[in-house]
Amino acid sequence: MCYRTKLNSRLSQIEKSFDASFIEPEAYLPMREINAFDFQKTPVILDENRGEIDFLQWGLVPFWAKDDKIKKMTLNAKIETLTEKPAFRNVVGNRCLILANGYYEWQWLDAKGKEKQKFLMAPEDQEVFAFAGIYSTWKDPASQEVVNSYTIITTEANELMSRIHNIKKRMPVVLKKEDRNNWLSGMEVSTFAFPYEVTLAATAV
């Protein structure tokens, strides 16, 4: 799965990498480690505004939710069941790019996971890259606040990730640079399932 990411590039570098501009540049805070369970707003590009970098909450809240508690369960979405799960099936067409420099995964060194080795994962050919994501808009029935939120799509682990994420054997869908617009344009979801992959490098940290 993918619950820890990294984005600490310069704002100008991010904008240049995606040919897009931050809507609120003052809101960008470089972070060496972003914890999904903090449900922070992080930089994303939406399909409907490809020249803009917005901030959405990590942890998708579907439009029909009575409250936002479901966000703990929707940080990731399996690509194999994306069109079936109630939280995701109505927003499969709402595509977004989640921007990052890397993500972290832990390798279990013993059967019970008492000893673990942390790795930083990143594509070899992209200093700033994008995870495939989908997003949703929800209005809090109590406060009437509108919340835009996203989930990161995951797929079966490749050979490298199978050795590192050696229990659940999953990995996020990291998009090839040339496929960013294909994802945003609604290309068939299954196209991006493993064996679709980029070449990743793993660094023990």
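Observations on the model:
- Residues satisfying the criterion are absent from the range 49-64 (criterion: modelled with pLDDT of 95 or more, surrounded by 14 or more Cβ atoms within 10 Å (Cβ to Cβ), among the basic types (K, R) and more than 26 Å from F194 (Cα to Cα)).
- The set of residues from the range 157-205 being β-branched (V, I, T) and within 18 Å of the chain's Cα centre (by Cα) comprises V173, V174, V189, T191, V198, T199.
- Taken over the range 1-39, residues that are at pLDDT below 95 and over 12 Å from the mean Cα position of the chain (by Cα) amount to 0.
- Note on the range 35-69: residues that are of a type in the set (A, V, I, L, M, F, W, C) and touching a residue at least 60 places away in the same chain (Cβ under 8 Å) total 9.
- Selection status of T191, surrounded by fewer than 19 Cβ atoms within 10 Å (Cβ to Cβ) and outside any helix (DSSP H, G or I): no
- Qualifying residue in the range 169-186 (condition: surrounded by fewer than 22 Cβ atoms within 10 Å (Cβ to Cβ), among the polar types (S, T, N, Q) and not in a loop (DSSP other than H, G, I, E, B)): yes
- Subset tally (residues that are of a type in the set (A, V, I, L, M, F, W, C), outside any strand (DSSP E or B) and either surrounded by 22 or more Cβ atoms within 10 Å (Cβ to Cβ) or touching a residue at least 40 places away in the same chain (Cβ under 8 Å) (or both)) for the range 96-134: 1
- One residue stands out among those in the range 116-127 that are hydrophobic (A, V, I, L, M, F, W, C) and in contact with a Lys or Arg (Cβ under 9 Å, 6 or more places away or on another chain): the one that is farthest from I53 (Cα to Cα), which is L120.
- Residue within the range 135-146 that is at pLDDT 95 or above, surrounded by 12 or more Cβ atoms within 10 Å (Cβ to Cβ), among the hydroxyl-bearing types (S, T, Y) and in a loop (DSSP other than H, G, I, E, B) present: no
- Selection status of V128, touching a helix residue (DSSP H, G or I) at 6+ places or on another chain (Cβ under 7 Å) and closer than 28 Å to D179 by Cα: yes
- Inclusion of E80 among residues that are among the charged types (D, E, K, R), touching a residue at least 40 places away in the same chain (Cβ under 8 Å) and outside any loop (DSSP other than H, G, I, E, B) is warranted.
The values are calculated or read from the model by the stated rules, or taken from the named source; none is laboratory data. Computed from a predicted structure; not experimentally measured. Note that we place each Cβ from the backbone using ideal geometry, even for glycine, and neighbour counts take in every protein chain shown.
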